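Have a look at the structure below, then the notes.
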């Protein structure tokens with residue numbers, strides 16, 4: 001088993017959310033992989049207020065205990081699979097807020113995206129790709145986009161087709177590949193004095 005750790009981050013806390021079923025499905029697809037260990041991070045378990053740090057995250061001088069706990073959680077992972085709804089042609093506010101809290105903990109790690117929405121959530125992913133670039137997160141090409149019209153019964157019961165399993169495997173392969181390369185990079189980087 002690899003020593004790579006990948007977090008699947010559930011980016012919705014909305015009551016009645018569809019994201020939990022999607023994130024659970026993603027985690028189930030990753031369970032038998034040998035290239036990395038996957039764990040689910042549900043933002044419902046990390047109730048971060050609207051960004052309340054006075055010093056920019058890029059300086060790594062966190063004041064709030066909630067920020068320090070969040071930083072400690074994210075720092076231990078080598079890569080991420082973000083599960084996001086699409087709200088108003090973008091990602092959820094709670095996911096954007098959680099991302100904005102940190103900087104160095106995201107740097108030189110890999111990222112993959114899984115989205116859902118009326119148009120598959122593709123626009124949420126496009127916004128997350130731009131955010132990832134600023135955070136020095138290497139986002140992979142493969143993505144999964146689930147439609148509320150075709151991948152959910154009655155817009156609420158998640159029922160993805162079998163063809164998504166192969167797409168998920170490709171996503172995991174890419175995230176693990178970049179996570180491994182970037183872990184070596186992080187290990188070889190000189191420590192700032």
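Quick notes
- Restricting attention to segment 5-188, close to 10% of DSSP beta bridges with both partner residues there are antiparallel.
- Put simply, the convex hull of the Cα atoms in segment 126-193 casts, on average, a shadow of 6.5 nm².
- Folded to 0 to 90 degrees: helix 19-30 orientation relative to the chain principal axis, Cα: 80
- Tilt relative to the chain, helix 65-75 - C-alpha long axis, 0 to 90 degrees, to 10: 80
- Bins of 10 Å, starting at 0 and running to the largest distance - Cα pair percent for segment 5-58: 21, 40, 26, 13, 0
- The helix-based estimate of mean residue ellipticity at 222 nm for the chain, built from -39,500 (n - 2.57) per DSSP H run of four or more residues and divided by its residue count, is -11500 deg cm²/dmol to the nearest 500.
- Relative to the longest principal axis of the Cα atoms of the chain, the long axis of helix 163-188 lies at roughly 0 degrees.
- Max mean-square fluctuation residue, GNM over the chain, Cα-Cα springs under 10 Å, options 121, 35, 161: 161
- Taken along its three principal axes, the alpha carbon spread of the chain comes to 55, 37, 25 Å, from the longest extent down to the shortest.
- By the count of neighbouring beta-carbon atoms within 10 Å, fewest first, 73, 150, 84 end up ordered 150, 73, 84.
Bear in mind that the values in this text are calculations on the coordinates, not laboratory data. Since the model is a prediction, treat every value here as computed from it, not as a measurement. Methodologically, a virtual Cβ is constructed for each residue, glycine included, from the backbone with ideal geometry; neighbour enumeration extends over all protein chains shown.
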